[in-house]
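So the structure is just underneath, and the comments pick up after that.
The values are calculated or read from the model by the stated rules, or taken from the named source; none is laboratory data. Remember, predicted model here, so these are calculated numbers, not experimental data. Here Cβ is always computed from backbone atoms with ideal geometry, including for glycine, and neighbour counts include all displayed protein chains.
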Ligand code: DHB
C-alpha cells in the first residue's frame, strides 16, 4: 500500500519481500477492513474487486449467557466494516504494482539496512546475487519478526508488551455463513468468534491454550466446541461443513517507540502487534503507511523533514487507542486463566451494559469502525 500511495505521488520505490508471491496471496490472515481502508482503496483505484466481492457489515453481534445482542455501526457512527481477506488486498495491490512496472521483488533474503543517520542503504540477495540499494528513506514494513526493528541502534527503542494466557484456534470451512454479521461470544467454556470470508466460506475461532496441540483437535471436536460456545437460545448456530484450514494464533500486545530512527521508519507489525479481537492489525498498518506516504511526499515537495519527524508521534496517538480497544475487547470476551468467578460475572455484566446502553454501544462501534486518522486526505 505504501508503494502504491507513493507511486500515485510520483515517488519511486523498490519493494522487497522475503516470501514468494504465491505464499503472500494464498496465506489467509485477517479479514475485516475499517471504512478508511475501503475508502482509500476505492479512491486510489484498487477497490474494484473489493467493491464487487467485499461483504459490507453494518453491525456486529455480541453473545453471552445464551442471548445475542446487535450493535448497529451504521446507525451509531454512519460507518461500516467490510469483510475482505488481507491476502485479497495484497493480491489487488500486487496487480496495481505490476501495472506501474515499478520494482517488486519476491523471495529476497540476506536483507540488511545501514547508513540510517545520513545515507540509507539496503543490501539484499536475490537469485543468489547480492544487491545494494541507496535511497532517501527506508520503510520497515517487515512485520514483527523482520530485520528493521532490530537494526535500530541499542538504547533507542523502548518496547511495551503484554502476553495473554490464551490463543485462538482458527478454522476455515466450506459452509455458508449462517449470520450476515460477525458474532463474538463469551461462555463459561471460553471465547468463540463467528466470521466469514465469502458467501460459501465460514471463518471460526475459539479460545484455546497458547501451547495447544492442534493434533488434539480433530474436526468433530472443533465443531462440537464451536456449537457449544456459539449457539444461542434463539436457535442460532453456525453452519458446519468440511474444514480446509486450521491454525493457532498467539495473542500479544506490543508497541516499540519511537517508530523512527534517522531515515528508517517502522510501519505495521514491525512496530506494533495487537491481539486479534477487534481486528485492528491490518487496519493500523494501513493507517501508518497513509501517514508515512504523506510525510515522504511532503519531503520531496518541499525538502522539509518536519512531517517525517512527526511520523512516530502522529501514528502512536492512534496506535495506543487501538491498543486499548484491542486489549479491552480481548479482556471482556475471554475467559480468564486461571478462571475467576468474580471476573466472569463482571464480564457478563459488562457485555450486558455495553449492548444495552447507547453510550456503551457507541464506544464499541466508533472504535470498531476505526477512529479518525490525523492526516490530510
Ligand atoms: C476476523 C478476525 C478477527 O480478529 C476479528 O476480530 C474478526 C474477524 C476474521 O478473520 O474474519
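Brief remarks follow.
- Wholly enclosed helices (runs of 4 or more DSSP H) of the stretch 31-105 bearing at least 1 residues out of contact with any helix residue (DSSP H, G or I) (no Cβ under 8 Å at 6 or more places or on another chain) and within 16 Å of the ligand (Cβ to nearest atom): 35-43
- Restricting 331, 326 to residues that are within 16 Å of the ligand (Cβ to nearest atom), under 24 Å from residue 63 (Cβ atoms), in a helix (DSSP H, G or I) and without any contact (Cβ under 8 Å) to a residue 24 or more places away in the chain narrows the list to 331.
- 1 or more residues over 23 Å from the mean Cα position of the chain (by Cα): qualifying strands (runs of 3 or more DSSP E) within the stretch 183-250: 183-187
- Here residue 190 does not fit the description of being farther than 25 Å from residue 334 by Cα and either surrounded by fewer than 19 Cβ atoms within 10 Å (Cβ to Cβ) or touching a helix residue (DSSP H, G or I) at 6+ places or on another chain (Cβ under 8 Å) (or both).
- The numbered conditions (1) surrounded by 20 or more Cβ atoms within 10 Å (Cβ to Cβ); (2) within 14 Å of the ligand (Cβ to nearest atom) are all true for residue 265 except (2).
- When the stretch 9-30 is limited to residues that are away from the ligand (no atom under 16 Å from the Cβ) and part of a helix (DSSP H, G or I), the one that is farthest from residue 108 (Cα to Cα) turns out to be 25.
- Any hit, the stretch 275-284, residues being crowded, with 22+ Cβ neighbours inside 10 Å, without any contact (Cβ under 8 Å) to a residue 40 or more places away in the chain and within 14 Å of the ligand (Cβ to nearest atom): yes
- Which listed residue, of 162, 221, 197, 203, is in contact with a strand residue (DSSP E or B) (Cβ under 8 Å, 6 or more places away or on another chain) and more than 14 Å from the ligand (Cβ to nearest atom): 162
- Residue match in the stretch 335-353 (condition: more than 25 Å from residue 162 (Cβ to Cβ), at pLDDT 95 or above and in a helix (DSSP H, G or I)): yes
- Some residue of the stretch 143-153 being under 26 Å from residue 257 (Cα atoms), touching a residue at least 40 places away in the same chain (Cβ under 8 Å) and buried (at least 22 other Cβ atoms within 10 Å of the Cβ): yes
- Residue count for the stretch 228-238 under the criterion of being touching a residue at least 12 places away in the same chain (Cβ under 8 Å) and surrounded by 13 or more Cβ atoms within 10 Å (Cβ to Cβ): the result is 7.
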